[in-house]
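Here the structure is laid out as structure tokens; the discussion comes afterwards.
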Amino acid sequence: MPSKACGWGAVSAKSPLQYMAIKRRDPRPNDVSIKIEYCGVCHSDLHTVRNEWAGTTFPMIPGHEIVGHVTAVGSKVAKYKVGDRVGVGCMVDSCLKCKECCEGLENYCANGNTQTYNSQTEDGMTMGGYTDHVVVREEFVLRIPDNLDLCAAAPLLCAGITTYSPLRHWGVKSGSHVGVVGLGGLGHMAVKLAHAMGAEVTVFTTSANKVEAAKQLGAHNVVISKDPAQMAAYKRKLDLIIDTVGTAHDLAPYVDTLKVDGTHVLVGAPEHPHPALQPFQLILARRSVAGSCIGGIAETQEMLDFCGKHNIVCDVEKIDISYINEAYERMLKSDVHYRFVIDLATLKQQ
């Protein structure tokens, strides 16, 4: 029989999140049941809850930065046992047969992967991690290194892999010059990861009060992007830019800081399109503007192991589940350093 679960979700795009009861599927032979200890709060959660990207099916429960402990495993599960520290990221299934899946790129599944929330399945719509437990097939469960604080590790399952994947794909190494646009949940992880890979890291921010914070995270240089003179000083300096900003903005000033063959990678997902670029900005220096979306399961585990080796976690503010609506409003104002994480033990208090 399906198991009872509880959490906080939305019944419409205009309503605040509230307590709700749901059912999780009956575990199958290849399923892992997980008691959720913590779940990070991603800006994608807010976009989906408020239907800003369109396509949200209500009622819905967000949350795709899930960490906890295994409570049961199916008869065919080989990788995990009861008590293991595990995580679940942005997807819980894919076809596992297409070219992309066979290459470990389940995030780009040709047939469409199943998202951790707001995806249609034979069991109904998926519900995310603002809940007490989740049931996930073994192939999409990840192991959390023992030395990482579980609460602070939760956002690695989205913010971590979203920034790690383009750094790896574009070959960042010692001596690389990497720019990071924005210093929020994604941006602060991009700084930490690029620094650990040996890159010289330059942060672009509109806020002068973030200069010291960026340097403490590992940035070697900080540029106030509203200052034309500071931006001009970085013309043709960078190999790669990780653009984490989740609102529409002019890419042109940043593209000018790229060397020949440099790439500006978009990982922030804005509600509206960015202003168009002039083609000659790209043509005259063989530059590229690209995008990147999370990472495959193998790469996500690689990222977690890398973070374990380098003792990298997110800077978080732990909150009770009942604070989630206030947290959303603060997130809109960038009033968090740098990621909210829900303590799901507080569900018991409802």
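The values are calculated or read from the model by the stated rules, or taken from the named source; none is laboratory data. Just so it is clear, the structure is predicted and the values come from calculations on it, not from any experiment. Glycine also receives a Cβ, built like all others from the backbone with ideal geometry; neighbour counts cover every protein chain displayed. With ligands, DNA and RNA removed, areas are computed over all heavy atoms of the protein, side chains included. Shrake-Rupley method; radii C 1.70, N 1.55, O 1.52, S 1.80 Å.
I'm told Gly308 meets every condition in (1) open to solvent by less than 40 Å² (accessible area, probe 1.4 Å); (2) more than 26 Å from Leu148 (Cα to Cα) except one. Can you identify the failing condition by its number? Only one criterion is unmet by Gly308, namely (2). Kindly indicate whether any position in the stretch 240-261 is hydrophobic (A, V, I, L, M, F, W, C), open to solvent by 30 Å² or more (accessible area, probe 1.4 Å) and not in a loop (DSSP other than H, G, I, E, B). There is at least one residue in the stretch 240-261 that is hydrophobic (A, V, I, L, M, F, W, C), open to solvent by 30 Å² or more (accessible area, probe 1.4 Å) and not in a loop (DSSP other than H, G, I, E, B).
Listed here are the residues, each with its yes/no results for (1) more than 27 Å from Gly246 (Cα to Cα); (2) open to solvent by 70 Å² or more (accessible area, probe 1.4 Å); (3) assigned by the TED database to the domain that holds Ser165; (4) in a loop (DSSP other than H, G, I, E, B).
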{"position": "Leu46", "(1), (2), (3), (4)": "no, no, no, no"}
{"position": "Trp53", "(1), (2), (3), (4)": "no, yes, no, yes"}
{"position": "Gly68", "(1), (2), (3), (4)": "yes, no, no, no"}
{"position": "Val82", "(1), (2), (3), (4)": "yes, yes, no, yes"}
{"position": "Gly87", "(1), (2), (3), (4)": "no, no, no, no"}
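The single residue among Val203, Val211 that is assigned to a helix (DSSP H, G or I), closer than 30 Å to Tyr328 by Cβ and at pLDDT 95 or above turns out to be Val211. Close contacts from the stretch 301-319, counting a first residue that is in the same structural domain as Arg339 (by the TED database) and a second that is open to solvent by less than 70 Å² (accessible area, probe 1.4 Å) and among the charged types (D, E, K, R), with Cβ to Cβ under 8 Å and a gap of 6+ residues or different chains, come to Ile312/Lys192; Cys314/Arg339; Asp315/Arg339; Val316/Arg339; Glu317/Arg339; Lys318/Asp343; Ile319/Asp343.
Rundown of residues vs (1) among the hydroxyl-bearing types (Ser, Thr, Tyr); (2) part of a helix (DSSP H, G or I), yes/no style:
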| position | (1), (2) |
| --- | --- |
| Lys76 | no, no |
| Tyr117 | yes, no |
| Val136 | no, no |
| Ala154 | no, yes |
| Ile161 | no, yes |
| Lys173 | no, no |
| Val178 | no, no |
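Within the stretch 266-289, the set of residues being within 24 Å of Gly187 (Cα to Cα), touching a strand residue (DSSP E or B) at 6+ places or on another chain (Cβ under 7 Å) and not hydrophobic (A, V, I, L, M, F, W, C) comprises Gly268, Arg287, Ser288. Being farther than 22 Å from Cys101 by Cα, open to solvent by 10 Å² or more (accessible area, probe 1.4 Å) and among the β-branched types (Val, Ile, Thr) is true for just one of Val191, Val201, Val172, Val181. Which residue is that? Going through Val191, Val201, Val172, Val181 in turn, the sole match is Val172. When residues in the stretch 316-350 are screened for being modelled with pLDDT of 95 or more, in a helix (DSSP H, G or I) and among the basic types (Lys, Arg), 1 of them pass. Using the structure shown, decide if Ala194 is within 14 Å of the chain's Cα centre (by Cα) and in contact (Cβ under 8 Å) with a residue 12 or more places away in the chain. Against the criterion (within 14 Å of the chain's Cα centre (by Cα) and in contact (Cβ under 8 Å) with a residue 12 or more places away in the chain), Ala194 does not qualify.
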